[in-house]
Amino acid sequence: MLVFFFCSTILAVLFFRFVPVYVTPLMFIRAAEQVGEGRSIVWHHEWIPIDKMSAHMPVAVMASEDQRFLLHHGFDYEAIQQAAKRNRESGKRKMGGSTITQQTAKNVFLWPGRSWVRKGFEAYFTVLIELFWSKQRIMEVYLNSIEMGDGIYGVSAVADRHFKKSPTELSRADCALIAATLPNPRRFSSKEPSAYMKKRQRQIQIQMQYVPSFPKEGQDYDPETVSGGIYKK
């Protein structure tokens, strides 16, 4: 059983290194929840390559979710320590330190939840993804599979449903607003943003100034100069 588990999971990660992720467990879970609530199934998703997205989109999600994405190998221990410190000092909602790679592992291979079992599987798949996928592939899968609204998954769907634009037409402000919703995209809307969302949008736009442009597949970058936004050609 252990041999089957390791072989099947490694093959699955290798498979999705090259094949588009058209469906995820979360999409089926949300569809089942909608049926259980007596609603019609809402499912908007279209896979597109990362070069068909606005160049601002990867920068926006890095600014909002994982500013050290290009520097770490799946786990941002500095962010984890900061989140743990905030959680100890505050009695408010618990803050996480999940990286974009961890979120991708959860979205593609697992289910929502906070159990230690799921977190263990998440860590395992995070290691595999960082081992077998490039940073460009991780970002591409993330931006295609992340939930961005009620029944809306990925950049193409949210661009069409909320902005009436193609993914390449999304502006810097649009991308910052989408990124602002990602902690809870079913509660926070990029279609009808609240005052809080607009404030978050402005904050992310400021942070985007300090995040380097996202490198293309095959483009080398120097980790020591990433913080300055400088890439080796």
Residue, nearest to Y153 (Cα to Cα), within the stretch 169-193, restricted to residues that are touching a residue at least 40 places away in the same chain (Cβ under 8 Å) and acidic (D, E): D174
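Have a look at S115, S213, S190 and point out the one that is touching a helix residue (DSSP H, G or I) at 6+ places or on another chain (Cβ under 9 Å), among the polar types (S, T, N, Q) and closer than 28 Å to I29 by Cα. So that I can check it myself, show each step before the final result.
Numbers: S115 fails: touching a helix residue (DSSP H, G or I) at 6+ places or on another chain (Cβ under 9 Å); S213 fails: closer than 28 Å to I29 by Cα.
So the residue among S115, S213, S190 that is touching a helix residue (DSSP H, G or I) at 6+ places or on another chain (Cβ under 9 Å), among the polar types (S, T, N, Q) and closer than 28 Å to I29 by Cα is S190.
Would you call D174 over 20 Å from M53 (Cβ atoms), within 17 Å of the chain's Cα centre (by Cα) and of a type outside the set (G, A, S)? Reasoning before the result, please.
Working: over 20 Å from M53 (Cβ atoms): no; within 17 Å of the chain's Cα centre (by Cα): yes; of a type outside the set (G, A, S): yes.
No: the conditions fail for D174.
Residues checked against (1) aromatic (F, W, Y); (2) closer than 27 Å to H45 by Cβ; (3) modelled with pLDDT under 95; (4) part of a helix (DSSP H, G or I):
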site: A84; (1), (2), (3), (4): no, no, yes, yes
site: G96; (1), (2), (3), (4): no, yes, yes, no
site: N107; (1), (2), (3), (4): no, yes, yes, yes
site: Y124; (1), (2), (3), (4): yes, yes, no, yes
site: I129; (1), (2), (3), (4): no, yes, no, yes
site: R137; (1), (2), (3), (4): no, yes, no, yes
Failed item, numbered, when T101 is tested on (1) out of contact with any Asp or Glu (no Cβ under 9 Å at 6 or more places or on another chain); (2) crowded, with 18+ Cβ neighbours inside 10 Å; (3) modelled with pLDDT of 95 or more: (1)
Neighbours by Cβ (under 8 Å, 6+ apart or cross-chain): first from the stretch 24-39, open to solvent by 70 Å² or more (accessible area, probe 1.4 Å); second not polar (S, T, N, Q): V35/I41
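Regarding the stretch 132-142, can at least one residue be identified that is open to solvent by 10 Å² or more (accessible area, probe 1.4 Å) and free of Cβ contacts under 8 Å to residues at least 24 places away in the same chain?
Keep residues of the stretch 132-142 that are open to solvent by 10 Å² or more (accessible area, probe 1.4 Å), which gives 132-137, 140.
From the residues that got through so far, the ones that are free of Cβ contacts under 8 Å to residues at least 24 places away in the same chain too are none.
There is no residue in the stretch 132-142 that is open to solvent by 10 Å² or more (accessible area, probe 1.4 Å) and free of Cβ contacts under 8 Å to residues at least 24 places away in the same chain.
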The listed residue being open to solvent by 20 Å² or more (accessible area, probe 1.4 Å) and on the phi < 0 side of the Ramachandran plot, out of V21, V13, V3: V3
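The values are calculated or read from the model by the stated rules, or taken from the named source; none is laboratory data. In this text the structure is predicted, and so the values were computed from the model without any measurement. Quick reminder, even Gly has a Cβ in these numbers, built from the backbone with ideal geometry, and neighbours come from all protein chains shown. Heads up: the accessible areas ignore ligands, DNA and RNA and are worked out on the full protein's heavy atoms, side chains in. Shrake-Rupley method; radii C 1.70, N 1.55, O 1.52, S 1.80 Å.
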